[in-house]
Amino acid sequence: MNISPLIKYDRFVDMGFNAGIIIRGPWNTQGSLYSKLESDVGATGNRVIAPVQLHGSDIIFLDNLDFEEKINADGVLCRNCKCCLTVKTADCLPVILADPVIGLMGAIHIGWRGLAGGILENLFIAIKNLDTDFDRLYISMGPSIGSCCFEVGGEVAVLFDDNFVMKKNDRFFLDIKGLVKKRMLLFGIPENKISDVAECTSCNADKYYSYRRDGHARIQMVSFICRT
């Protein structure tokens, strides 16, 4: 594969954040991936937060006084912390967010299980409790599997809005990014504050790793955000 090693979300730079997605190709270990992350995005001196993701709906808030050694969650939030938040994805949806007014940043991993389990609701409850206004948030959704390739069983399809489930020859395909964006708009996020990488991970083998396409390959994709 000829994989692009780094995608930067430039809209966050003027707000005092580095954010984007880094893709592991020739590196052999997770440690080497995070070393490259440090050197490429200037995260040196920031503690790298790499949560253990459970395909669930838990959101963890961190602060400078309380960093857990092991974080089990699919979403992490931090306010004015000296850290680099990360989440790993293969076909699931990575979401990066920031409120530059209060220094809030977050990294969220969203799969169909987390979405059905209320991860977005938990995220916005947590954000509201941190005294931010939703219309101040900037959100970027990274590359994920598209409805062209994300086939699910009927027992999964019935969990979601019919408008985001396509049926083709008795097979069901889920538009997870469309679902997430719709729910964000319903929570009050202005549409012009939401950006996304619209490409399908499974369709674009020259750019992205896809679990559906590649299985257990050595390549990993890590979304990140840290303060500059």
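Worth pointing out:
- Criterion (in a loop (DSSP other than H, G, I, E, B), small (G, A, S) and surrounded by 16 or more Cβ atoms within 10 Å (Cβ to Cβ)) met by exactly one of G114, G106, G146: G146
- Residues in the range 179-207 that are closer than 17 Å to G111 by Cα and of a type in the set (S, T, Y): T201, S202.
- If only residues of the range 167-181 that are more than 22 Å from G142 (Cβ to Cβ) and touching a residue at least 12 places away in the same chain (Cβ under 8 Å) are counted, the one that is surrounded by the fewest Cβ atoms within 10 Å (Cβ to Cβ) is R171.
- Conditions (1) farther than 21 Å from D58 by Cβ; (2) within 18 Å of the chain's Cα centre (by Cα); (3) surrounded by 16 or more Cβ atoms within 10 Å (Cβ to Cβ): number failed by F124: (1)
- The range 45-71, subset at pLDDT below 90 and not in a loop (DSSP other than H, G, I, E, B), residue surrounded by the most Cβ atoms within 10 Å (Cβ to Cβ): I49
- The number of residues in the range 125-150 that are in contact with a Pro (Cβ under 9 Å, 6 or more places away or on another chain), in contact (Cβ under 8 Å) with a residue 40 or more places away in the chain and not hydroxyl-bearing (S, T, Y) comes to 6.
- Only a single criterion out of (1) under 18 Å from the mean Cα position of the chain (by Cα); (2) assigned to a loop (DSSP other than H, G, I, E, B); (3) exposed (fewer than 15 other Cβ atoms within 10 Å of the Cβ) is not satisfied by S202, namely (3).
- Taking (1) under 29 Å from E38 (Cβ atoms); (2) more than 14 Å from the chain's Cα centre (by Cα); (3) surrounded by fewer than 18 Cβ atoms within 10 Å (Cβ to Cβ) in turn, D161 satisfies each apart from (1).
The values are calculated or read from the model by the stated rules, or taken from the named source; none is laboratory data. Quick caveat: nothing in here was measured; it's all calculated off a predicted structure. A quick note on method: Cβ atoms are made from the backbone with ideal geometry, for glycine too, and the neighbour counts reach across all protein chains shown.
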